[in-house]
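Let me begin by presenting the structure, written as C-alpha cells, before commenting on it.
The values are calculated or read from the model by the stated rules, or taken from the named source; none is laboratory data. Since the model is a prediction, treat every value here as computed from it, not as a measurement. Cβ atoms come from the backbone with ideal geometry, glycine included; neighbour counts cover every protein chain shown.
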Amino acid sequence: MIHGVLFDLDGTLADTEPLQWEAYRRALAPFGADVGIGEYRRHWIAVEGGAEYACRTFGLPIDAAELRRRKADEYRRLIAAGVAPRPGARAVLARLAPRRRLAVATNTVRAEAEIVLRHIGVRDLLHAVVAREDYAAAKPAPDAYRAAAAALGLAPAHCAVVEDTTRGVRAGIAAGCVVIAVPSELTWDNDFTGAARRLAGLDELTDDVLQDLSATG
C-alpha cells in the first residue's frame, strides 16, 4: 500500500530547470563559454556531472566545485526574483494530501529549496522537505528518497516517487520505492526504464493511480 508520495522539486514541482541553465550560462560567460539548452539537457539534467563536463569541454581555469559555487550565486539571484510552478503542482499536492503523507526530496540545498517552495506556494502542503544537506550521496543514489521516506515515518516500499529525469527515477528505484515518471519538455526523451507508470503531467496523478499501483505492486 502506498502511504506516502515523495516528489522531486526541480522540473517536477517547480519550473526551475530554465533558471538552472541560465545560471550556468552566466557562470560560464566570463570564460567566453556558453552552453545551449540541448547540451544542458544531455549533460546536466539527464545525468550527473555537468560542472565537470563544462570544465573538461571548455578547458576552464577553475575546477568543478568553483564553477558550482559561481553558478549557485547566479541561481540565488535568479530565484529571488520568482519561480513558476510546474503545471498542476499545487493541485496535485492538495488532491493527495488528505490521504497521503507528502514530501519533497531534492538535490538542491535547503536555503534554495525553501525559496523555491515559497515562490510556488506549496510548502504548507508538505509534511517534510529533504534537501541536499540531509543525506550522503546525491541522486541517482537512493539516499535522498530513503531519507524522505524516513522523514515521513514510512518504509520506502510504502512510498511512491514522482520524478522527471533518468537519474531521479534510478534513485527512486534504488531506494525501493514505486516510481512514477512525469517528464517535462526538457526530459521527455530520458530513459525511464523501471518506472511503474509514465504520466503526461501532474494532473494525471490521482488517488486512483496510486491505489492501482498499490494493488499491482
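Some points to look at:
- Residues located in the range 192-211, provided they are in contact (Cβ under 8 Å) with a residue 60 or more places away in the chain and acidic (Asp, Glu): Asp203, Asp207
- Checking Arg100, Arg69 one by one, the residue that is surrounded by fewer than 17 Cβ atoms within 10 Å (Cβ to Cβ) and among the basic types (Lys, Arg) is Arg69 and no other.
- Every residue from the range 45-61 that is crowded, with 16+ Cβ neighbours inside 10 Å and at pLDDT 95 or above: Gly50, Ala51, Tyr53, Ala54, Cys55, Leu60
- Selection of the range 19-39 for residues being touching a residue at least 60 places away in the same chain (Cβ under 8 Å) and buried (at least 17 other Cβ atoms within 10 Å of the Cβ) yields only Leu19.
Residues checked against (1) among the acidic types (Asp, Glu); (2) outside the structural domain of Asp208 (by TED's automatic domain parsing); (3) part of a helix (DSSP H, G or I); (4) over 14 Å from the mean Cα position of the chain (by Cα):
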residue: Ala144; (1), (2), (3), (4): no, no, yes, no
residue: Ala148; (1), (2), (3), (4): no, no, yes, no
residue: Leu154; (1), (2), (3), (4): no, no, no, yes
residue: Ala171; (1), (2), (3), (4): no, no, yes, no
residue: Ala174; (1), (2), (3), (4): no, no, yes, yes
residue: Ile180; (1), (2), (3), (4): no, no, no, no
residue: Ser184; (1), (2), (3), (4): no, no, no, no
residue: Thr187; (1), (2), (3), (4): no, no, no, no
residue: Thr193; (1), (2), (3), (4): no, no, no, yes
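- Whichever residue in the range 1-43 is more than 19 Å from Arg77 (Cβ to Cβ) and in contact with a Gly (Cβ under 7 Å, 6 or more places away or on another chain) and, among such residues, is modelled with the lowest pLDDT: His43
- Every listed requirement among (1) farther than 19 Å from Ala84 by Cα; (2) in contact with an Asp or Glu (Cβ under 9 Å, 6 or more places away or on another chain); (3) surrounded by fewer than 20 Cβ atoms within 10 Å (Cβ to Cβ) is met by Arg123 save one, (1).
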